[in-house]
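The block underneath contains the structure these notes are about, expressed in structure tokens.
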2 protein chains.
Amino acid sequence: MGRVGYQGEPGSYSHRAVAETHPGTAAIGFDGFDAAFDALTAGDVHRLVLPIENSTTGSVLEVLDRLAAGGASIIAEHRVEVRHALLAVPGTPPSAVERVHSHPEALAQARRTLRERGWQPVLSHDTAGAIRLVAERSSPADAALGPHWAGEEHGLEVLERDVVDLAHNTTRFVVLQAGPPSIAPDADKSSIVFSTRHQPGALAEVLASLAARGADLTRIESRPGPTPWTYRFFVDLVHFPGPHGAAAVLEPAPGGTLELSHLGSYRAVVR
Amino acid sequence: MGRVGYQGEPGSYSHRAVAETHPGTAAIGFDGFDAAFDALTAGDVHRLVLPIENSTTGSVLEVLDRLAAGGASIIAEHRVEVRHALLAVPGTPPSAVERVHSHPEALAQARRTLRERGWQPVLSHDTAGAIRLVAERSSPADAALGPHWAGEEHGLEVLERDVVDLAHNTTRFVVLQAGPPSIAPDADKSSIVFSTRHQPGALAEVLASLAARGADLTRIESRPGPTPWTYRFFVDLVHFPGPHGAAAVLEPAPGGTLELSHLGSYRAVVR
């Protein structure tokens with residue numbers, strides 16, 4: 001079945017995304033997105049599952065930029081709901097907790113809640129590391145913020161569920177394989193990146209052309225290009241299913257685009 | 001002269017942005033963007049200087065979302081080049097450094113460099129805190145990554161300049177005041193946020209209308225709206241200078257928009 005790479009450690013949300021998209025397959029964690037992409041290119045893993053956007057903290061630009069550089073194709077998307085639990089050694093009363101250990105992003109997503117409860121945030125490189133530390137310390141003053149399954153694996157107890165400031169907090173992952181852009185048989189969504197000449201209305205021209213071909217834009221993000229006043233646009237489009245649907249939208253390259261890259265066509269998962 | 005609020009601590013890049021945009025004015029640091037916005041609304045500060053996008057890590061969505069909620073107006077923009085220096089107690093040889101302390105974002109921006117040099121990253125809540133810790137510890141094994149001016153204030157020495165993976169790393173700040181959207185006399189850039197009906201081509205229609213009015217898009221970012229398949233778009237536009245230039249672009253609301261909010265018109269700073 002091969003091996004699937006992700007960024008991070010066992011017990012992380014990324015690890016969960018691998019387990020949900022590739023049950024029973026070996027999951028290999030990498031330290032950093034570059035290392036993960038390099039492993040895919042070298043053939044050490046046959047797929048990657050990487051986060052591409054979070055509803056609270058936004059795009060993962062490092063992944064977008066690596067995708068734009070080519071060599072990998074999106075073959076599927078997957079959403080994981082991010083719901084941090086407060087985890088501590090069994091029997092800990094919530095009032096005994098003084099410090100909450102976690103990844104900076106998780107602590108940021110619960111910043112208001114932590115302040116209201118008087119819990120001091122302590123930064124860890126990852127939620128898995130925070131959970132290990134709390135399990136080792138075995139003190140009721142220290143709790144970890146992270147996915148409940150990771151805490152339970154280390155013998156911790158859930159003191160409180162859903163310790164986040166915003167009710168909706170999901171991360172969208174993409175499944176990648178090496179090689180040129182692929183079009184899944186049931187694909188109804190395509191991801192592209194393109195630049196436009198610097199002239200007023202260039203982007204409007206591209207989007208009008210895509211709309212006229214029946215594509216519906218579900219996401220757009222601009223990034224500054226290599227020279228001043230040039231831009232790259234990352235666009236996700238929903239279209240009629242199947243290879244013909246994708247081709248009808250993408251070929252020939254819509255007027256107004258420069259250097260359009262197709263990042264892959266896959267089945268949309270409704271948020 | 002009043003007081004200007006920012007998010008963070010003295011010595012941070014945000015603090016620097018206040019000093020550069022409001023020399024000689026009292027700068028008040030807040031813990032979190034919510035606290036800063038609340039102080040502006042309450043009249044405790046007369047302006048805010050907040051980061052809105054970083055070239056490496058992307059949009060500051062928390063600030064975008066608070067702006068979309070209304071009550072504050074962008075009156076200027078400002079760019080700060082983010083160049084982290086390696087700071088240690090005077091006389092430290094680079095080979096003695098084992099650990100590098102800093103804010104997670106700064107460590108992320110230098111991840112590859114740290115790994116190549118064999119320096120272990122240690123997370124702090126902010127660069128100012130990391131610098132204080134290194135100054136207090138006074139051990140050659142501990143260095144901090146942050147702005148050189150903050151290190152020098154604490155008696156640290158610059159061991160190495162520009163310890164970042166990517167050459168261009170700038171943060172764009174906006175200056176905010178309370179109240180309805182303002183149009184500076186020399187404004188040639190406007191920020192707007194709007195939603196569109198869910199129909200193919202709605203965004204293209206809006207952008208074509210803006211282009212026909214002479215506006216040139218310099219940034220676009222989509223955010224999911226409150227209901228599935230609705231979107232909000234944050235757009236920055238460059239146009240003819242002055243209130244007439246802004247009005248010609250924004251009035252009446254371009255066809256295809258729903259709930260357009262004008263976030264302010266101000267003088268563009270070329271990146």
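Listing for the model above:
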quantity: Radius of gyration and maximum dimension Dmax of the protein assembly as shown, Cα, Å; calculated: 23.8, 67
quantity: Sorted by Cβ density within 10 Å, fewest first, the residues B:LEU217, B:LEU237; calculated: B:LEU217, B:LEU237
quantity: Binned Cα-Cα distance frequencies in region A:85-160 - 10 Å width, integer %; calculated: 24, 61, 15
quantity: Residues B:HIS78, B:HIS15 arranged by fewest to most Cβ contacts within 10 Å; calculated: B:HIS78, B:HIS15
quantity: Structure-based [θ]222 nm, the protein assembly as shown - -39500 (n - 2.57) summed over DSSP H runs of at least 4, per residue, nearest 500; calculated: -7500 deg cm²/dmol
quantity: Residue-averaged beta-carbon neighbours from other chains (10 angstrom radius) around B:55-64; calculated: 4
quantity: Approximate shape of region B:28-68 as ellipsoid semi-axes (Cα gyration tensor, √5λ), whole Å, largest first; calculated: 20, 10, 8
quantity: Taking all pairs of distinct alpha-carbon atoms in region B:1-58, Kirkwood radius in angstrom; calculated: 11.4 Å
quantity: Computed label-point distance, nm, for sites B:VAL270 and A:THR25 using a 7 Å Cα→Cβ extension; calculated: 4.9 nm
quantity: Percentage relative contact order, chain A, counting C-alpha pairs under 8 Å, at least six apart; calculated: 22 percent
quantity: Ratio Rg/Rh [Cα only; Rh per Kirkwood] for chain A; calculated: 1.04
quantity: Only Lys, Arg (+1) and Asp, Glu (-1) charged, at Cβ; the protein assembly as shown dipole about Cα centre in debye; calculated: 620 debye
quantity: Inverse mean reciprocal Cα-Cα distance (Kirkwood Rh) of region B:69-118, Å; calculated: 14.2 Å
quantity: Pair-distance profile P(r), taking every C-alpha pair of region B:183-271, with 5 angstrom steps and integer %; calculated: 3, 15, 27, 25, 16, 9, 4, 1
quantity: Stokes-Einstein D (µm²/s) once Rh is taken as the Kirkwood radius of region A:1-98 over alpha-carbon pairs, at 25 °C in 0.890 mPa s; calculated: 163 µm²/s
quantity: Angle in degrees between helix B:127-137 and the longest Cα principal axis of chain B, rounded to the nearest 10; calculated: 10 degrees
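Since every read-out is calculated from the coordinates, none of them should be taken as a lab result. Fair warning: this is a prediction, and the values are worked out from it, not measured in the lab. Positions of Cβ are backbone-derived with ideal geometry, glycine not excepted, and every protein chain shown enters the neighbour counts.
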